[in-house]
Amino acid sequence: LGAYLLQVGLRANPSNGGTTRVQRLLEWTWQRPVLAFGFDLCLFVIAHYTAYLLRWEPGALEREWAFLRSSLLLLVVAKAAGFVIAGVYRDDSRFFGLPSLGRVLRGSLLGSLFFVTLSVFFLGPGLSRGVVIIDWVLTGALASIARLSFRLFDAAQRRLDEETLPVL
């Protein structure tokens, strides 16, 4: 999707001298991280589901589905709170660097700690430590890669704009 937008939407030059809809959407998302927040919510679910698949064998996984389903909403709330408290959404995604990486990893750790604390109080025993550790690593990696890819697409778009020859 990013490559398509880079090829079609960003390089298009409107005839009236304004900006394209894709450019306006990207500017809006850089100022308000609503789409990044929604994307992160999906990443939390994917990371947690993958952690269960990596931790449990197929026979034992069937017994763990009930706990996974009952803990999913709690996980999303805890991880989102961890990301917000760590300041992940404060900076501009176009300039992802080492300080931003530290915030993402800190947010993933805080979210995992919040999740463990909340699951002990609300869900009782049953949470695997292995799942929590794998989930923390996967959440940090997926969120970091997503933010880095946005930065790389933006850099590629700027490079293409510099190399493009004017037609008229």
Exercise. Starting from the Cα gyration tensor of segment 51-118, take the square roots of the eigenvalues, sort them a ≥ b ≥ c, and report rounded, prolate or oblate (rounded when a/c is under 1.5, otherwise prolate if a/b is larger than b/c, else oblate).
Key: prolate
Quiz prompt | Per residue convex hull volume, Cα atoms of segment 30-75, in Å³ | solution = 63
Practice problem: Run the accessible area of segment 86-149 with a 1.4 Å probe and give the carbon-and-sulfur part as a rounded percent. | Solution: 76
Quiz item: Listed highest first by mean packing, meaning other Cβ atoms within 10 Å per residue, what order do 118-126, 36-44, 102-110 come in?
Solution: 102-110, 36-44, 118-126
Quiz item: Which net charge results when you count Lys and Arg as +1 and Asp and Glu as -1 among the other residues whose beta-carbon is under 9 Å from that of VAL131?
Solution: 0
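The values are calculated or read from the model by the stated rules, or taken from the named source; none is laboratory data. Owing to the predicted nature of the structure, the values given are computational and were not obtained by experimental measurement. With ideal geometry, Cβ positions are generated from the backbone for all residues, glycine too; neighbour counts draw on all protein chains shown. Just the protein is used for accessible areas: all its heavy atoms, side chains included, with ligands, DNA and RNA removed. Shrake-Rupley method; radii C 1.70, N 1.55, O 1.52, S 1.80 Å.
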